[in-house]
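J.: Input: one structure, supplied below.
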Amino acid sequence: MTRIGCTGHQSLSPATRRHVAAAIADILAAEADAGLTGLTSLAEGADQIFAFAVLAAGGRLHAIIPSEGYEQTFASSLARETFAALRSLAREDTTLPFSEPSEDAYLAAGHEIANRCEILIAVWDGKNAAGKGGTGDIVTYARKRRMDVRVVWPDGASRK
C-alpha cells in the first residue's frame, strides 16, 4: 500500500489549478499502486484537487480533519459543499481533538498527514507560511524528518 499525503495553498489561480491537477495525477500514476491511500485535510485549493486526483486514480481517501467546526472556515459555499462531498467519499475520517479551528489545529493536522504517509506532495510556491500550520511549515517539518517531499509549483503558477 502506498500512502501519499498533500499539503498546499488554498488560493490558486484557475490556470494554476489545472496545471497542479495534471502534475498531481502524474505523481500518483508513477508512484501509486493498487492500494493507494491519499491523506488530506480537504481544504479548498490544493487539498481538494489532490482528493479528486486520488479518487480518479482509484485510490482511497483518508481525511484528517483539524478540528470540530472546520467546515465553517471555508469562505464559499462551493468550497464547503465540495469538502462535504469529498469527506463523504473518504474511507477513513480522523478528526483531531481540537474543539475549534485554530493555527495549532492546522499545524497538528499537517504533522499528522506527514507522519502517516511515505510521500508528501506539496503544492507550494517556496515561501514561508503565512500563518502557523501553513504549507511552508509542513514542508519544513517533513524535510526535517527526511521524508520524500514532491514540490508541485508549475512554471507560471500563481496564487489568487
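J.: Hey, can you grab everything whose amide H is under 5 Å from the amide H of VAL151? Only 5+ residues off in sequence or another chain; H modelled, so Pro and N-termini drop out.
T.: When sequence neighbours closer than 5 places are left aside, the close amide H contacts are ALA122.
J.: Also, quick follow-up: Please give me, ordered by residue number, the trypsin sites (Lys or Arg not before Pro) of region 7-96 that lie in loop per DSSP and have at most 15 other Cβ atoms within 10 Å.
T.: For trypsin sites (Lys or Arg not before Pro) across region 7-96 that sit outside H, G, I, E and B with at most 15 neighbouring Cβ atoms in 10 Å, the list reads ARG91.
J.: Have a look at SER76, SER11, PHE98 and report the one farthest towards the positive end of the charge dipole of the chain, computed about the Cα centre with Cβ charges (Lys/Arg +1, Asp/Glu -1).
T.: SER11
J.: Please list 95-105, 64-74 highest first by mean number of surrounding beta-carbon atoms within 10 Å per residue.
T.: 64-74, 95-105
J.: Sticking with this one: What residues have an amide H closer than 5 Å to that of GLY5, excluding those fewer than 5 places away on the same chain, when H is modeled at 1.01 Å from N in the peptide plane?
T.: Amide H neighbours of GLY5, under 5 Å, 5+ apart: LEU39, GLU118, ILE119, LEU120, ILE121.
J.: Sticking with this one: Please find, in a Gaussian network model of the chain (springs between Cα atoms separated by less than 10 Å), the residue of ASP26, ASP125, ASP93 whose mean-square fluctuation is greatest.
T.: Top of the fluctuation ranking is ASP26.
J.: Go ahead and set up a Gaussian network model of the chain, Cα springs under 10 Å, then flag whichever of GLY110, GLY35, GLY45 fluctuates most.
T.: Taking springs between Cα atoms under 10 Å, the residue moving most is GLY35.
J.: Return the long-range amide H neighbours of PHE98 (sequence gap of 5 or more, or a different chain), with a cut-off of under 5 Å between placed amide H atoms.
T.: The list, which skips near neighbours in sequence, is GLU68.
J.: Then there is this: Just subtract the alpha-carbon distance of ALA56 and ASP26 from 0.36 nm times their residue separation and send over the number in nm, one decimal.
T.: Full-extension gain reported as 9.6 nm.
J.: Next question, about the same structure. Give me the distance between the Cα centres of region 13-81 and region 91-128, rounded to whole Å.
T.: The distance from the Cα centre of region 13-81 to that of region 91-128 comes to 12 Å.
J.: Taking springs between alpha-carbon atoms closer than 10 angstrom, which of ALA109, ALA56, ALA142 fluctuates most in the Gaussian network model of the chain?
T.: ALA56
J.: With θ set to phi - 60° and the Karplus curve 6.51 cos²θ - 1.76 cosθ + 1.60, what are the ³J(HN,Hα) couplings of region 123-128 in order, to the nearest whole Hz, using x for Gly and Pro?
T.: For region 123-128, the Karplus curve yields 8, 8, 7, x, 8, 4 Hz.
J.: About its Cα centre, how strong a charge dipole does the chain have in debye, to the nearest 20, once Lys and Arg get +1 and Asp and Glu get -1 at the Cβ?
T.: 340
J.: To the nearest 20 debye, what is the magnitude of the charge dipole of region 16-78 about its Cα centre, counting +1 on the Cβ of each Lys and Arg and -1 on the Cβ of each Asp and Glu?
T.: 160
Every read-out reported here was derived from the displayed coordinates using simple, explicitly stated rules and does not represent laboratory data. Model, not experiment: these values are computed from the prediction. When we count neighbours, we look across all protein chains shown, and the Cβ atoms used for this are built from the backbone with ideal geometry, even at glycine.
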